[in-house]
Amino acid sequence: EEAKKKPKQPSTGVAVSPPPAEAPAQRPPGSRRRRRGGRTAAEPAATAEPLGEQPVVQATAAETPQRRRGGQQRRTAEARTEAVAAKPPPASRSRPAVTGARARIPITGAPTEDVPPPFAHNAEYEFARILDFYGIEWEYEPRTFPLRWDRGHVTEAFSPDFYLPDLNLYVELTTLKTGLTAEKNRKMRLLKELYPGVNVILLKKRDYLRLLAKYGYGPLSPGQVPDIDRVLFTATKLQQRVGELGAQISRDYARKEPVLVGVLRGVLCFLSDLMRHISVPTAVDLMAISSYEGNGAAAVRILKDLDENIKGRDVILVEDIVDTGMTLNHILDYLNTKRPASVRICTLLDKRARRLVNVPLDYVGFEIADEFVVGYGLDFRQRFRNLPFIAILKHDLLP
């Protein structure tokens, strides 16, 4: 039987597991032989023995399952397996690039013609563009899983469409055609039986955003996506950087007990994650302020003062974003009136291009350009705070 139902373009490399060590010496009872392409081939057995851990043999692009349109003849799994044994593995596998500019927003329907290689279907092209939008690394058909063997040759195999390294997840896409979905479900069940350690999922088009939201990439409400120009920092990158800041603070404040002071409300997500990555004992307090124009310059009014007494204590002022530095400068002056032992500043984002007042920043997560960003606690008119990533808002929404 054919290795896969749909035709394929050559991918950058396929890892094919060899057949089991003990291949059946005799043709299975009840099997019959038929003619195919001038050669005699045995039909696959009805069942397959479960596999244990099998070594992986790399195949060059020339041996990979091919996607071709227009009814061109596809090579059988047996021919591919023989080619694998004859040629050396490639030095490395590279991720195929989506041709053209990346989509700035997730699209609701990819082009139905002129789909760029290596993709064979518009659904795959659309999914790749959505992954690029969220900054998720992906590989296209990097591995083929043998499912059935006969006389030491692979007679059926399965190549999931995508592999997402950050999630350690294989993704196979399907359409609403019942026959194709049923066949893919059959292969998925067999793959999970033979390779229990492989994390694989079958997705319909409507499940894209639901999957991304589950893993912390997509928005909690898909209706928020059209207002976003692009994702700047994914949830994964945010958590990685916050962990690094927490470790650095823990080293700098060894044998001390600093007080973390956050300024409501945009700092909530950052502060709650940061404190969990700090290993030294800490106290936490919150301030609320309001900026207003007074005496020809911006001034700060304290709406909620500190509850903790910070006199003689080490204070870390935690900010979500620093741009002009004027508000931050007022807060620093106010905290210093309480005579702390020291005050350091930790900010997630530094928009240095807008700086008017030179304030010292001791811990910085990311430096960003002069863009209006939302998500991870940052808002625009009280919207977008709940996004798990930080994104740039579309310019036409700004006043």
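The values are calculated or read from the model by the stated rules, or taken from the named source; none is laboratory data. Remember, predicted model here, so these are calculated numbers, not experimental data. Positions of Cβ are generated from backbone atoms using ideal geometry, with glycine treated the same way; all protein chains shown enter the neighbour counts. When the accessible area is computed, the model is the full protein with side chains, heavy atoms only, and any ligands, DNA or RNA have been set aside. Shrake-Rupley method; radii C 1.70, N 1.55, O 1.52, S 1.80 Å.
Taking the criterion of being open to solvent by less than 70 Å² (accessible area, probe 1.4 Å) and basic (K, R), the only residue of the stretch 333-344 that qualifies is K338.
Set side by side, the residues I368, I302, I321, I390 differ, and just one is among the aliphatic types (A, V, I, L, M) and more than 27 Å from F233 (Cα to Cα), which is I302. Take T327 and tell me if it is assigned to a helix (DSSP H, G or I) and β-branched (V, I, T). Yes, satisfied. Considering (1) at pLDDT below 50; (2) of a type in the set (S, T, Y); (3) open to solvent by less than 30 Å² (accessible area, probe 1.4 Å), the lone condition that T144 does not fulfil carries the number (1). In this structure, does D273 turn out to be closer than 24 Å to A235 by Cα, out of contact with any strand residue (DSSP E or B) (no Cβ under 8 Å at 6 or more places or on another chain), surrounded by 15 or more Cβ atoms within 10 Å (Cβ to Cβ) and touching a residue at least 12 places away in the same chain (Cβ under 8 Å)? Judged against the criteria, D273 is a match. Residues in the stretch 169-200 that are at pLDDT 90 or above, within 23 Å of A128 (Cβ to Cβ), open to solvent by 20 Å² or more (accessible area, probe 1.4 Å) and not in a strand (DSSP E or B): V198, N199.
Can V315 be described as touching a His at 6+ places or on another chain (Cβ under 9 Å) and outside any helix (DSSP H, G or I)?
On the way: touching a His at 6+ places or on another chain (Cβ under 9 Å): no; outside any helix (DSSP H, G or I): yes.
Answer is no for this residue.
Among the residues of the stretch 291-329, those that are open to solvent by 60 Å² or more (accessible area, probe 1.4 Å), more than 30 Å from F389 (Cβ to Cβ) and at pLDDT 90 or above comprise D307, E308, N309, K311, R313.
In the stretch 359-387, what residues are of a type outside the set (D, E) and under 23 Å from D252 (Cα atoms)? So that I can check it myself, show each step before the final result.
Filtering the stretch 359-387 for residues of a type outside the set (D, E) gives 359-361, 363-366, 368-369, 372-378, 380-387.
Scanning the stretch 359-387 gives V359, P360, L361, Y363, V364, G365, F366.
Here the stretch 345-358 is the region considered, the condition is being crowded, with 17+ Cβ neighbours inside 10 Å and without any contact (Cβ under 8 Å) to a residue 40 or more places away in the chain, and the residue that is farthest from G243 (Cα to Cα) is K351.
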